[in-house]
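First up is the structure itself, then whatever we jot down about it.
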Amino acid sequence: MSAQAILQQARPFLDELEDRLAGAVAHRPGLLEAVGRSAITAGGKRLRPLLVHLTSPDRERALCGGTAVELVHVATL
């Protein structure tokens with residue numbers, strides 16, 4: 001399977017992940033929200049959550065885990 005095919009199959013997961021990331025930072029209004037929003041909207045490949053998605057049989061758990069992994073990654077930048 002090509003990388004493009006994998007990304008196409010994972011697009012709904014990645015779209016939901018973006019919504020959850022936005023919701024997570026919006027949950028903390030003020031400076032944390034401003035900095036968090038800036039960090040998550042700066043772009044990125046979202047490789048870590050994609051790997052969680054590809055290795056998990058449960059979509060909801062993959063979304064929770066992928067969101068957590070990406071928030072930790074963004075916080076360490």
>> Helix-only mean residue ellipticity at 222 nm, the chain, DSSP H runs n ≥ 4 weighted -39,500 (n - 2.57), per residue, nearest 500. What is it?
In response: -26000 deg cm²/dmol
> Expressed as a whole percentage, what fraction of the accessible surface of the chain belongs to carbon and sulfur atoms when a 1.4 Å probe is rolled over the protein heavy atoms?
Replying inline: 61 percent
> Which whole-number percentage describes the relative contact order of the chain, with Cα contacts under 8 Å and a sequence gap of 6 or more?
Replying inline: 31 percent
> What fraction of the Cα pairs in the chain, stated in percent, has a spacing above 20 angstrom?
Replying inline: 29 percent
>> Using all alpha carbons of region 1-41, what is the percent of pairwise distances in each 10 Å bin, ordered from the shortest bin to the longest?
In response: 29, 36, 23, 11, 1
> Arranged from highest to lowest average of other beta-carbon atoms within 10 Å per residue, in what order do the peptides 22-29, 3-10 appear?
Replying inline: 22-29, 3-10
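The values are calculated or read from the model by the stated rules, or taken from the named source; none is laboratory data. Remember, predicted model here, so these are calculated numbers, not experimental data. Glycine gets a Cβ as well: all are built from the backbone with ideal geometry, and neighbour counts include every protein chain shown. Note: accessible area is taken over every heavy atom of the protein model, side chains too, but ligands, DNA and RNA are not part of it. Shrake-Rupley method; radii C 1.70, N 1.55, O 1.52, S 1.80 Å.
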